[in-house]
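The values are calculated or read from the model by the stated rules, or taken from the named source; none is laboratory data. These figures come from a predicted structure and were not determined experimentally. No Cβ is skipped: glycine too gets one built from the backbone with ideal geometry, and neighbour counts run over all protein chains shown. Please note that ligands, DNA and RNA were not included when accessible areas were found on the heavy atoms of the full protein model with its side chains. Shrake-Rupley method; radii C 1.70, N 1.55, O 1.52, S 1.80 Å.
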Amino acid sequence: MIQIPNVPDGDNIPQLCHQTLVVPTAVLVPAPHGATAAPHGIAMTIGGVPPPRPHCCVSPQALCSVSPQDLAVPNAGWSVAMREQFQHLLRRTADGSWRRIPSYRRGLDYLPEVVQMVVGPVTGPGPRHFLRNLDAEGAGFEYAIFLHSSGHHAQCLCQLGPYLEGHHGFAHGGAIATLIDTTVGACALAVAKTSVMTAKLNISYLVPMPVGAVVVADSRMERHEGRKIFLSCRVHDTKGDTLYAEATALFIQVENTKPPPAARP
Ligand SMILES: CCCCC/C=C\C/C=C\C/C=C\C/C=C\CCCC(=O)SCCNC(=O)CCNC(=O)[C@H](O)C(C)(C)COP(=O)(O)OP(=O)(O)OC[C@H]1O[C@@H](n2cnc3c(N)ncnc32)[C@H](O)[C@@H]1OP(=O)(O)O
């Protein structure tokens, strides 16, 4: 059975206090495994070039992330609104009714034994999570997923950055689809406790989502029939005033899924 790894409680989560998209002066992060880490901490302004993430492993040949780093915590690219909402959602975890799910660059950065159990033996670096491989804080997908103890309800707090722009000033529909797929996927994974694949994703885009907006994707399992898991998702602002998109999805439970050889770097 998949056990979603334990996560630190609120006290252990870094509390960063920088203003949006402004971080300290550059430091060079030492990189084991022969990889060259990018300089981190370049101050930027909205519309400028975002700072690269620390401990970045960009080589396809790299065996794993230099240091598995939980990325579902505040960083310098998070807006004040994103931080405030994160703290709000984190407070709900205190009584155990919700938990924050950690998030890494690569599948193998989760507990390797969990990954082996879900997808079978993995050699090489394992799958990348493309949402986590934009090496700039605040540029792409900034998010944290929270899972209800029922395992049937997931909420993803998300800020879509400037690299995800479609129409001027607004998030690309494909990026919103990715956010939804990831949220319903996390919910389906929690329900299935085996690997799952998206079979169908039906999205209604209702209101353009501004780049940088802080939104919540709220997903629920609607029904579970054999290997089929039907889910719904609503993406709204943090107050629930604006509904940006709603979706339904079908996930199929698959056992021991192995990526096709061509998919491996
Ligand atoms: C690595 C794990 C680490 C664990 C770490 C722990 C925590 C992680 C936390 C958070 C992670 C967050 C999110 C991650 C999760 C997921 C998000 C991303 C998921 C994807 O991004 S994934 C890529 C896109 N996805 C594909 O690339 C699928 C291509 N496709 C196929 O691979 C097959 O097509 C498949 C497998 C779908 C089915 O194939 P199959 O052979 O297994 O099953 P089969 O065809 O027999 O269908 C069985 C029954 O489903 C019905 N059915 C099937 N497809 C249907 C459809 N489209 N519409 C309506 N009904 C459908 C049939 O009608 C039948 O129904 P019935 O039983 O009633 O007859």
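Residues that are surrounded by fewer than 15 Cβ atoms within 10 Å (Cβ to Cβ) and free of Cβ contacts under 8 Å to residues at least 40 places away in the same chain within the range 161-198 comprise His168, Gly174, listed in sequence order. Criterion first (open to solvent by 10 Å² or more (accessible area, probe 1.4 Å) and modelled with pLDDT of 60 or more) does Gln61 satisfy it? For Gln61, the condition - open to solvent by 10 Å² or more (accessible area, probe 1.4 Å) and modelled with pLDDT of 60 or more - is not met. Residue-level check: of (1) within 11 Å of the ligand (Cβ to nearest atom); (2) in contact (Cβ under 8 Å) with a residue 24 or more places away in the chain; (3) among the charged types (D, E, K, R), Asp237 misses just (1).
Evaluate the range 204-223: report whether one residue or more is β-branched (Val, Ile, Thr), in contact (Cβ under 8 Å) with a residue 40 or more places away in the chain, more than 21 Å from His148 (Cβ to Cβ) and within 10 Å of the ligand (Cβ to nearest atom). So far as the range 204-223 goes, no, none of its residues is β-branched (Val, Ile, Thr), in contact (Cβ under 8 Å) with a residue 40 or more places away in the chain, more than 21 Å from His148 (Cβ to Cβ) and within 10 Å of the ligand (Cβ to nearest atom).
Screening Leu206, Leu243, Leu201 for residues that are modelled with pLDDT of 95 or more, open to solvent by 50 Å² or more (accessible area, probe 1.4 Å) and closer than 25 Å to Trp98 by Cβ leaves exactly one candidate, Leu201.
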